[in-house]
Amino acid sequence: MEMALDEARAAGERGEVPIGAVVVLDGAVVARAGNRTRELNDVTAHAEVAAIRRACEVLGKERLVGADLYVSLEPCTMCAAAISFARIRRLYYGAEDPKGGAVDNGVRFYAQPTCHHAPEVYSGLNETESADILRTFFVEKRELP
């Protein structure tokens, strides 16, 4: 999770919403990424999607069966779907997102009967630190002229 937080911090330094994600398979880090939506002018360039894309590229596979994903913030609906389609085994996330989250909040994507694959979900890892990174980012954004 610490690597996901490092990716979140790096995203924030680039002016992106500070969210980071790391894909781990068999105990080894396969890919890591932070948000790049503004940099790439791509609404799909969320940390989770970027990390999944990179892991699939590195492994030469369409799906990431047996892989675990660590994310600093509860995934949105788009990312929850990508996690499901990638067949991620376990999802670990830091802070909950009552407004935009789709795992334990909002649509609760994995609880829907139309969801083909639901990962095991573990929330609250480094929750305070994850939330603080986001809170600080937005406070600083509001203080800029």
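The values are calculated or read from the model by the stated rules, or taken from the named source; none is laboratory data. Predicted, not measured: the structure shown is a model, and the values here were computed from it. Cβ sites come from the backbone with ideal geometry, for glycine too, and all protein chains shown count toward neighbours. The area values use the complete protein model at the heavy-atom level, side chains included, leaving out ligands, DNA and RNA. Shrake-Rupley method; radii C 1.70, N 1.55, O 1.52, S 1.80 Å.
Annotation: amide H of Ser72 within the under-5 Å range of Gly20, Gly94, sequence separation 5 or more or interchain, hydrogens built in the peptide plane.
Contact order, relative form, for the chain: 20 percent (alpha carbon pairs under 8 Å, 6 or more residues apart, mean separation divided by residue count).
Once neighbouring chains are kept in place and the probe is 1.4 Å, which whole percent of the accessible area of the chain is contributed by carbon and sulfur? Percent of accessible area from carbon and sulfur atoms in the chain: 51. Among the GluC sites (Glu not before Pro) within the range 31-71, those in coil by DSSP and having at most 12 neighbouring Cβ atoms inside 10 Å are Glu62. In this label model, Leu40 and Glu62 are separated by 2.0 nm, measuring between points 7 Å along each Cα→Cβ vector. Using the 1.4 Å probe convention, the accessible area of the range 1-135 works out to 49 Å² per residue with neighbouring protein chains retained.
When both bridge partners sit in the range 23-145, DSSP labels roughly 40% of those beta bridges antiparallel. The amide H of Val121, built 1.01 Å from its N in the peptide plane, has Leu91 as neighbours under 5 Å, considering only residues 5 or more places off or on other chains. Between Val49, Val65, Val24, the GNM of the chain built on Cα springs shorter than 10 angstrom shows Val65 fluctuating the most. Each peptide among 2-9, 84-91 gets the average number of other Cβ atoms lying within 10 Å of its residues, and from highest to lowest they stand as 2-9, 84-91.
In order along the range 116-132, phi translates into HN-Hα couplings of 7, 9, 10, x, 5, 10, 10, 10, x, 6, 6, 4, 5, 5, 4, 5, 5 Hz, rounded to whole numbers, per the Karplus curve 6.51 cos²θ - 1.76 cosθ + 1.60 with θ = phi - 60° and x for Gly and Pro. How large, in Å, is the chain by the Kirkwood hydrodynamic radius built from its alpha-carbon pairs? Here the Kirkwood hydrodynamic radius works out to 14.9 Å. In order along the range 10-26, the Karplus-derived 3J(HN,Hα) couplings, from 6.51 cos²θ - 1.76 cosθ + 1.60 at θ = phi - 60°, round to 5, 4, x, 5, 7, x, 8, 4, x, 10, x, 9, 9, 9, 10, 10, 6 Hz, and Gly and Pro are given as x.
A full extension of the chain between Arg54 and His116 corresponds to an added length of 20.1 nm, given 0.36 nm per residue minus the alpha carbon distance.
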